[in-house]
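A single structure is presented below for examination.
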């Protein structure tokens, strides 16, 4: 957090539930802390809250109620029974890779031994996302008769028509990106964002939609429920890495998936954890968002997404170790290149301090990195950002929104300028002829002034203080929306039991952020700088008969403001304290401080 925004006064506290509301929720078995936090996240009824807390697998919607899924099920069953050549066509990010691996694992389980099955993930650099004619021609030569896409193709009208009418390949689309008005002529289009969809869960990501298909397939073949559950490790990774909202079905699938991930016997996942320094059995959602997800994404950004997919599918420990080591090297290279490109983009952005929407570009900037740079730059300058890699005739761009700016709606307003574009409210990608770039920028500036600002709120963050180069999964809240869930006034809240109760709402992420609290007039017992170059601020605080430690990462610049203060107001998250000797959590808590200032009336 920037020093000028560090005061607790700049945060807004959610409205406290009334006494009658607390009584109503308590009568339904929901304790007051959970009731307030869940209400803040949009859950309004005791039934919704209980379903969230229980996260029962059997309460997830019937997959056959997802639009076109029964039709897809019928066609895939027919292909499996006939031994047809099936190809899974995925995307090159972590969501697409986990979805591809999930479908491949499932179809390998169901197909006849001699039946051909393979997958195709296009090159980010050479082909871009989605179906392309060159890939379809190649797949036809390989014998593909049924193509199942995942995390892509909802907008690929011409390509699907070419596959079916020219090549005789039938296409089943599973996807979560908003489709255009004209739907591709696929055999089935399984997408909860279709306007004619009545499925109750819109925000499944690509791997989530793929999992619903596998649910239906496994059940139609009479496989035990345990085999469905065994695939949830991949669902958890892809959903978290794609920053999908962690409410409703996503919350249930990710919670159960993290349990599976912590017990995994997958050689690939175990090797990936080992190379990243993670301990199986202790993984939390932030480990997926900032450690595993970036390493899987590094394959498609820097080289070939199939490396990550093969890692997730292999049953050979030695092969898994080799893939994991390769991904580790690629991830390090990605971090270095991201920082280099960030410096260039930051310098160019500084020349346009008054632009409401910032567009920066450079000749042949690494296309696998521009999305990361767009995210980081948008976070730094708190404005919508477009980063373009300029080629001889065309540029490829990556866009990230800020402050409620609906990026895909803005781009849709000038769709005629693009060779290709797609995305959602917070992020988008496109290809554009160089001579249209200036017109694009002018359109976005005008759109922002006329209707763009405040059109659609951005998602809340998973965690905004990741290590350098590991923030690709983060979508920050609007700059003017700093929310506190609850003011804690009693000493008993500053106990480990409170942390345990908070964790019952996990996994945390988009739409279900880690709770943020405020405490007023805490006694300032001591404070000092710590950490690398003394950049962190450490404090010892008191409330009643309880003392608690807190850390303000990169907050040492605020020490002078505390001189002479006896009491402070603090904004914080509650985390477990760790024992350096034991390397594990204790039964005590520490405060992760987000803002601190002397109490105004003391």
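From the list 507, 515, 491, 532, exactly one residue is farther than 19 Å from residue 11 by Cβ and in contact with a helix residue (DSSP H, G or I) (Cβ under 6 Å, 6 or more places away or on another chain). Which is it?
Among 507, 515, 491, 532, only 507 is farther than 19 Å from residue 11 by Cβ and in contact with a helix residue (DSSP H, G or I) (Cβ under 6 Å, 6 or more places away or on another chain).
Given the criteria surrounded by 14 or more Cβ atoms within 10 Å (Cβ to Cβ) and on the phi < 0 side of the Ramachandran plot, does residue 587 qualify?
no
Identify, from the list 542, 564, the residue that is under 24 Å from residue 13 (Cα atoms) and free of Cβ contacts under 8 Å to residues at least 40 places away in the same chain.
Result: 542 is the single residue among 542, 564 that is under 24 Å from residue 13 (Cα atoms) and free of Cβ contacts under 8 Å to residues at least 40 places away in the same chain.
Does residue 165 satisfy being in the same structural domain as residue 212 (by TED's automatic domain parsing), farther than 30 Å from residue 202 by Cα and at pLDDT 95 or above?
yes
May I pose another question? Specify the residue that is farthest from the chain's Cα centre (by Cα); the eligible residues are those in the stretch 481-503 that are surrounded by fewer than 18 Cβ atoms within 10 Å (Cβ to Cβ) and assigned to a strand (DSSP E or B).
My answer is 487.
Considering only the stretch 504-516, how many residues are surrounded by fewer than 18 Cβ atoms within 10 Å (Cβ to Cβ) and in contact with a strand residue (DSSP E or B) (Cβ under 9 Å, 6 or more places away or on another chain)?
Qualifying residue count for the region: 1.
With respect to residue 46, determine if the residue is surrounded by 15 or more Cβ atoms within 10 Å (Cβ to Cβ), outside the structural domain of residue 125 (by TED's automatic domain parsing) and at pLDDT below 95.
So residue 46 does not fit the description; no.
Find all pairs meeting these conditions: Cβ atoms under 8 angstrom apart; at least six residues apart or on different chains; first residue within the stretch 241-258 and free of Cβ contacts under 8 Å to residues at least 60 places away in the same chain and not assigned by TED's automatic domain parsing to the domain that holds residue 207; second residue part of a loop (DSSP other than H, G, I, E, B) and surrounded by 22 or more Cβ atoms within 10 Å (Cβ to Cβ).
250/204; 250/205; 250/244
Could I ask something else about it? Which numbered condition trips up residue 266, out of (1) over 24 Å from residue 514 (Cα atoms); (2) surrounded by fewer than 18 Cβ atoms within 10 Å (Cβ to Cβ)?
Every condition holds for residue 266 apart from (2).
From the list 600, 515, exactly one residue is in a loop (DSSP other than H, G, I, E, B) and either closer than 30 Å to residue 248 by Cβ or at pLDDT 95 or above (or both). Which is it?
Criteria check complete, one pass: 515.
Return the residues of the stretch 40-52 that are out of contact with any helix residue (DSSP H, G or I) (no Cβ under 8 Å at 6 or more places or on another chain) and touching a residue at least 24 places away in the same chain (Cβ under 8 Å); say none if nothing qualifies.
Of everything in the stretch 40-52, those that are out of contact with any helix residue (DSSP H, G or I) (no Cβ under 8 Å at 6 or more places or on another chain) and touching a residue at least 24 places away in the same chain (Cβ under 8 Å) turn out to be 40, 41, 42.
Pull up the stretch 84-108, narrow it to residues that are out of contact with any helix residue (DSSP H, G or I) (no Cβ under 7 Å at 6 or more places or on another chain) and in a helix (DSSP H, G or I), then point me to the one that is surrounded by the most Cβ atoms within 10 Å (Cβ to Cβ).
Only one residue tops the list, namely 107.
In this structure, is residue 373 touching a helix residue (DSSP H, G or I) at 6+ places or on another chain (Cβ under 6 Å) and either in a loop (DSSP other than H, G, I, E, B) or farther than 25 Å from residue 482 by Cα (or both)?
Here the answer is no, as residue 373 does not meet what is asked.
Here is a further query. Among the residues of the stretch 2-43, which ones are more than 15 Å from residue 484 (Cα to Cα), at pLDDT below 95 and assigned to a loop (DSSP other than H, G, I, E, B)?
2
Check the stretch 96-107 and report whether any residue there is more than 20 Å from the chain's Cα centre (by Cα) and either at pLDDT below 95 or farther than 19 Å from residue 307 by Cβ (or both).
Checked against the condition, which is being more than 20 Å from the chain's Cα centre (by Cα) and either at pLDDT below 95 or farther than 19 Å from residue 307 by Cβ (or both), the stretch 96-107 yields at least one hit.
Let me ask another. So, residue 342, is that one outside the structural domain of residue 105 (by TED's automatic domain parsing), touching a helix residue (DSSP H, G or I) at 6+ places or on another chain (Cβ under 9 Å) and in contact (Cβ under 8 Å) with a residue 60 or more places away in the chain or not?
When the stated conditions are applied, residue 342 does not pass them.
Just to check your reading of the model, which residue among 524, 459 is touching a strand residue (DSSP E or B) at 6+ places or on another chain (Cβ under 9 Å) and either exposed (fewer than 15 other Cβ atoms within 10 Å of the Cβ) or modelled with pLDDT under 95 (or both)?
459
The values are calculated or read from the model by the stated rules, or taken from the named source; none is laboratory data. Nothing here was measured: the structure is a model prediction, and the numbers come from that model. So basically every Cβ, Gly included, is an ideal-geometry build from the backbone, and we count neighbours across all protein chains shown.
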